[in-house]
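Structure first, commentary second.
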Amino acid sequence: MPKNLSLDGDFMRYFNDNNFPFKVKVLIGCEEIICSGVVLAQQSTVLDSKIRDDGGILMFEELITSDSTETDFDALKDCLSYLHGADLTFHCEKLAIILKFSSLYRVKELFDHCLEWMHLYLDLTKSLEDAIKYLKASNQFDSKNDAERLRLLIKTFMRQNIDRFSSQDIEAYIDDHFSGADMITIFDDNIPNCSSLLKKWVSLSIENRSFIIQNYESFNFNKIFPVVADFLSFITQVSEDITSAPSLKILLELQKLYFSSV
């Protein structure tokens, strides 16, 4: 169902501000779009500040990268139209950009609509690929609360569909952009052979191995590694980069906790 934004609000404060850019030039890809500065600023305090600071020019450099596609550009234009009161129809390929836009520029109503649509979409499609794509988008959110809300939705989706996904299915989407928070969100020690999933993730970077050490209490290693030899192999992998006494102490505590329950 299309969603739109209420434009009710007090615009008069802008008309008393002689320095406010009433006409805003938005650059998206090779396109230049003229928008109402008043409308954009009214819907987002972040855009209000950005419009003033950048002299009435918006480039959305926080969202547009060298890897951005025409679909990403279209999603941004949809967001602009939404802020002007137009209907917004969600599509799975545009949702990641719209999520990041609504969180970064604190358009709460739009973010709420995104989560509502995502819940219905994932419930219908059971798409692991899309769930992980949206989860990765949360790493670029400006709001910790927004990230936690999205991760809770994804975590619930994973738990409800645990019988559908193997560790190999999930491993296919684990890459350098998969954060520690992402891993905690999707990881479930009830997934068969979940140990291979964790091993692959820690092999990707020293940051991932450090995350395991600092957050070891978030994982049930006895359940993940029922075979002691597998656990010891994992510890060897994690300890590869340890250079500090505090980290070594934590690692020893982790091992002590494991063997006390064997």
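Odds and ends about this structure:
- Once the Cα atoms are used to define both axes, helix 108-125 deviates from the longest principal axis of the chain by about 50 degrees.
- Heavy atoms of SER179 accessible to a 1.4 Å probe, total area in Å² rounded to 10: 30 Å²
- Most mobile of TYR82, TYR14, TYR105 in a GNM of the chain (Cα contacts under 10 Å): TYR14
- Global form of the chain, assessed from the alpha-carbon gyration tensor, a/c cut-off 1.5: prolate
- Aspartates and glutamates with Cα under 13 Å of LYS223, excluding same-chain neighbours fewer than 8 positions away: ASP188, ASP189
- When only the Cβ of Lys, Arg, Asp and Glu is charged (+1, +1, -1, -1), the dipole of the chain relative to its Cα centre reaches about 620 debye.
- Considering only VAL227, VAL202, VAL238, the Gaussian network model of the chain with Cα springs below 10 Å gives its largest mean-square fluctuation to VAL227.
- Taking amide hydrogens as placed 1.01 Å from N in the peptide plane, the amide H of LEU88 sits under 5 Å from those of LYS3, ASN4, each at least 5 positions away in sequence or on another chain.
- The chain: angle of helix 92-104 to the longest principal axis, Cα-based, in degrees nearest 10: 80 degrees
- Think of the chain as having a plus end and a minus end, set by charges on the Cβ of Lys, Arg, Asp and Glu; of LEU232, LEU198, THR65, LEU232 sits farthest toward the positive end of this dipole.
- Highest-fluctuation residue, GLY55, GLY37, GLY180 considered, GNM on the chain with Cα pairs under 10 Å: GLY55
- Crossing angle, helix 194-203 versus the chain [Cα axis fit, 0-90 degrees, rounded to tens]: 70 degrees
- Tensor-based shape of region 3-151 (alpha-carbon gyration tensor, a/c under 1.5 rounded, otherwise prolate or oblate): prolate
The values are calculated or read from the model by the stated rules, or taken from the named source; none is laboratory data. Bear in mind that the values here come from a model prediction, so they are computed numbers and not experimental data. A quick note on method: Cβ atoms are made from the backbone with ideal geometry, for glycine too, and the neighbour counts reach across all protein chains shown. For accessibility, only protein heavy atoms count, side chains too; no ligands or nucleic acids. Shrake-Rupley method; radii C 1.70, N 1.55, O 1.52, S 1.80 Å.
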